[in-house]
1. Where in region 11-44 does the amide nitrogen come within less than 14 Å of the point 7 Å from the Cα of Ile126, taken along Cα to Cβ?
2. Defining a contact as two alpha carbons under 8 Å apart and six or more residues distant in sequence, what relative contact order in percent does region 1-117 show?
3. Solvent-accessible area per residue for region 148-200 at a 1.4 Å probe radius, Å²?
4. With just the Cα atoms defining each centre, how far is region 165-200 from region 81-136? Give it in Å.
5. Taking one equal scatterer on every alpha-carbon of region 121-200, how large is log10 of I(q)/I(0) by Debye at q = 0.12 1/Å?
6. When the helix-only estimate is applied to the chain (DSSP H runs of n ≥ 4, each -39,500 (n - 2.57), divided by the residue count), what is the mean residue ellipticity at 222 nm, nearest 500 deg cm²/dmol?
7. Amide H of Ala57: which non-local residues (sequence gap of 5 or more, or other chain) have their own amide H closer than 5 Å, using H built in the peptide plane?
8. Lys64: which lysines have alpha carbons under 29 Å from its alpha carbon, excluding same-chain residues fewer than 8 sequence positions away?
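The values are calculated or read from the model by the stated rules, or taken from the named source; none is laboratory data. What you are looking at is a predicted structure, and each value in this text was computed from that prediction instead of being measured. Cβ: placed from backbone, ideal geometry, glycine included. Neighbour counts: every protein chain shown. What goes into the accessible areas is simple: the full protein's heavy atoms, side chains included, and nothing from ligands, DNA or RNA. Shrake-Rupley method; radii C 1.70, N 1.55, O 1.52, S 1.80 Å.
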Amino acid sequence: MTEHPDDDTAPSWRQRPKPVGFEIAYKLDGDFLEIDRTRAVDRLRLSAVEQVRYVFAPGNISSKGYKTQLRLSDGRTVTFGNLSWRSLTDLDRDDARYHRFVSALAAAITRANPKARFVGGRPGPIWLGVAAVGALSLAMIAYFALHAFRQGQTSAALLALLLLAASCWQVWPLISLNRPRELATGEVPDDLVPGREPKS
C-alpha cells in the first residue's frame, strides 16, 4: 500500500488481503482494470461491471475496515479493501490513497457503463439478520444487568453494563453504516470509503 518507484500516473492500489499470501496490485488502464496477483494478471473490462458496492467490514484486529466490491456481468466479483497485512499481527492503512483510487475507479466505471448500479451497505436480508441478532444480543445483556440489579448483585450488573457499552460501540457501526441504500451513479460515500482529502 505504499508508493512504489515503478508506479506510473495511472490510478493504482496495492493490498495484501491476507496475513499469508501475495500482495495484489490494482491499476486502471483505460477502460480496463488490471489486477496483478503476482502469479497471474487479469484485465477486466470496466463496461462489464454491473454493480459497485461499498461496505463497512471490520476485522479481528482493526475496527476500521472497509471494502469495495465489483460485480461483473458474468457473475464474478472482485473485492478489495483499505487494510493490508504487513505481518500476522500488523495492518497497514492508507485511506487517502484508497479513496483516490476508488474515486477514480468509480468515475471510470461510470464512463464505461453509465447503467452500472452503485449501492452502499449490505444486501437487505443480510443487514436485517445482522440487525436482529445485534438487537437481540444487546437486549439480553441489558436484561441480565437489570436482573442483577434487582437481585442486589451490583458487581455483576456493573460488569454487564460495561459489556453492554462495549457491545453497542461495536454493533452500532455495523448496523448504521451497512444499512442498504441506493447511491447515485459514480457516487463514493465518505462514510464507507474513508480518506477523502479536504479541498484546498
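1. Under cut-off, by backbone N: nothing.
2. Values: 209 pairs, mean separation 29.2, N = 117.
Reported relative contact order: 25 percent.
3. On the way: 3670 Å² over 53 residues.
Computed with neighbouring chains in place, this is 69 Å² per residue.
4. One Cα centre to the other: 9 Å.
5. -0.52
6. On the way: 3 runs with 69 residues, N = 200.
Value at 222 nm, helices only: -12000 deg cm²/dmol.
7. Gly65, Tyr66, Lys67
8. Lys18, Lys27, Lys199
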